[in-house]
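Asker: This structure is in structure tokens; I'll ask about it shortly.
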Amino acid sequence: MSVPVIRAEGIGKRYQLGQQERYHTLRDSLSRAFTLPFRRGAAAARETSGEGRHGADGFWALRDISFDIHAGDVVGIIGRNGAGKSTLLKVLSRITEPTTGRAELRGRVGSLLEVGTGFHPELTGRENIFLNGAIIGMRRAEIMKTFDAIVEFAEVESFIDTPVKRFSSGMYLRLAFAVAAHLNPEILLVDEVLAVGDASFQKKCLGKMTEVASAGRTVIFVSHNLGVVANLCTRGLLLGGGTVIADCSAQEAINKYITLGSDDGGQTSWSEADAPCTENVRLRAVRVVSKGRVTGEVSIDEPFDVVVDFETLKPGLELSSCLHLTHPISGDILSTVNLPSASLGRDEWHGRPQPKGLFRSRCTFPANFLNEGRFGFNVVFISRAAYIEFWRHDVLHINTYDEGGMRKEWGQGWIGVVRPRMAWRTEFLGDGTAVPDVTAVSAIA
């Protein structure tokens, strides 16, 4: 098996709570270097003694992180805020030293952890390009070969000889990413910083990262954008509380992250005092009902109802109930409102003044509509004047699963968030000498 380009062994990082930063002298630095093995041993002893993540005088941002990453791997690191993602990248980038354990990296490392990381504000864009190249060990001739491509990608041709302290945050970011991606590092470390850019720039950056990964270089990407992680990464590290919760395929890691700590059993309800409300309406409960019972696990082969209990607080209101179906990667999937339908009939209370009191709206989702996955619901109430009276995000989540019916038809995974059974008809059109036009075929159908 090939030697990993990144090896993390028992990495832990402990910060002192309330510690005052101070400048260090050369003597301090030499002393710290000499005592580092002893300090790491003491930290390890504190860790094994059972001290929690929040010790009496410190905080463990990372605990016992171990993994191997090989050349060409594209790894997405995901987790909630405070999970330790950015701290891990700083350790791998040698920006901060671990309290325990060690990290070995083989190859030139390019990193983009914050806007303008590694830039000197007084130097021009041109000078910073050469400075960054020199830092990762490139020769001047190597930098010159990619200089024009960097400037073109960053779209800062007119400002390349301007000190970067006068750059806007967008210009700073474009140049920083262009430098990190074009100076041919064997290992590229990228934090959530891409979220700062506009949509077109993010698309451009993701295309470049895909290009870097396809060239056999190693990419570690930290992001809260699960769609990007799913599309870009082949492997996922899920962090929580400073430890590795899962090390698996990117999609498996995303699925575990989505379900982490979010088991609501198919229903969410509130007491009258705690219920979310406006001056006109109060939301009391939202439930998913399948096969005659409330559940958070729904078979894609079965229809299910989303039941919304709400209370009107004034007489004479004309509220329409609305649901938004959402997906953690794909975002908004659909919205549905209790408007009358020629084929499905009319909701009894649509367009009618409602008395003060408790109401129950029920929306039926058909069988064989959703794909396997995890979905959420937003609840919205709209007034007669098309004014949004109430909006509550993520009131409920469900997991949909395949009991086996559709897997018999196609054993592989189905793409997308919906996979309805559509009406299909295939006809033989003859030997090909005379093909009827499409309107004639449609008429036959």
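Asker: Might you let me know whether region 333-350 holds any residue that is touching a residue at least 60 places away in the same chain (Cβ under 8 Å) and either of a type in the set (Ser, Thr, Tyr) or closer than 18 Å to Val417 by Cβ (or both)? Please lay out each step first, then the result.
Answerer: Here is the first cut: in region 333-350, the residues touching a residue at least 60 places away in the same chain (Cβ under 8 Å) are 333.
Imposing the further condition that a residue be either of a type in the set (Ser, Thr, Tyr) or closer than 18 Å to Val417 by Cβ (or both) reduces the set to 333.
Looking through region 333-350, at least one residue is touching a residue at least 60 places away in the same chain (Cβ under 8 Å) and either of a type in the set (Ser, Thr, Tyr) or closer than 18 Å to Val417 by Cβ (or both).
Asker: Considering only residues that are surrounded by 19 or more Cβ atoms within 10 Å (Cβ to Cβ) and either over 20 Å from Val3 (Cβ atoms) or within 26 Å of the chain's Cα centre (by Cα) (or both), which ones fall in region 87-102? Can you show your working first?
Answerer: As a first pass, look at region 87-102 and keep what is surrounded by 19 or more Cβ atoms within 10 Å (Cβ to Cβ): 87-93, 98-101.
Scanning region 87-102 gives Thr87, Leu88, Leu89, Lys90, Val91, Leu92, Ser93, Pro98, Thr99, Thr100.
Asker: May I ask you to verify whether Glu155 is at positive phi and either touching a residue at least 12 places away in the same chain (Cβ under 8 Å) or open to solvent by less than 20 Å² (accessible area, probe 1.4 Å) (or both)?
Answerer: Values: at positive phi: yes; either touching a residue at least 12 places away in the same chain (Cβ under 8 Å) or open to solvent by less than 20 Å² (accessible area, probe 1.4 Å) (or both): yes.
Here the answer is yes, as Glu155 does meet what is asked.
Asker: Name, by its number, the condition in (1) touching an Asp or Glu at 6+ places or on another chain (Cβ under 9 Å); (2) open to solvent by 70 Å² or more (accessible area, probe 1.4 Å); (3) at pLDDT 55 or above that does not hold for Asn81.
Answerer: Condition (1) is where Asn81 drops out.
Asker: If you don't mind, another one. Anything in region 234-246 that is under 12 Å from Gly79 (Cα atoms) and either open to solvent by 60 Å² or more (accessible area, probe 1.4 Å) or under 15 Å from the mean Cα position of the chain (by Cα) (or both)? List them, or say none. Even if it seems obvious, please write down each step before you answer.
Answerer: Our first condition is that a residue be under 12 Å from Gly79 (Cα atoms); within region 234-246, this holds for 236-246.
Selection gives Gly236, Leu237, Leu238, Leu239, Gly240, Ile245.
Asker: Could I ask something else about it? Considering region 217-233 alone, what residues qualify as being open to solvent by 40 Å² or more (accessible area, probe 1.4 Å) and under 15 Å from Ile6 (Cβ atoms)?
Answerer: Taking region 217-233 as the starting set, the residues that turn out to be open to solvent by 40 Å² or more (accessible area, probe 1.4 Å) are 217, 224-225, 231.
Answer for region 217-233, where residues must be open to solvent by 40 Å² or more (accessible area, probe 1.4 Å) and under 15 Å from Ile6 (Cβ atoms): just Arg217.
The values are calculated or read from the model by the stated rules, or taken from the named source; none is laboratory data. Everything numeric here is computed off the predicted structure, so don't read it as measured data. Using ideal geometry, Cβ is built from the backbone for each residue, glycine included, and neighbour counts are taken over all protein chains shown. Side chains are part of the model used for accessible areas, which takes the heavy atoms of the whole protein and leaves out ligands, DNA and RNA. Shrake-Rupley method; radii C 1.70, N 1.55, O 1.52, S 1.80 Å.
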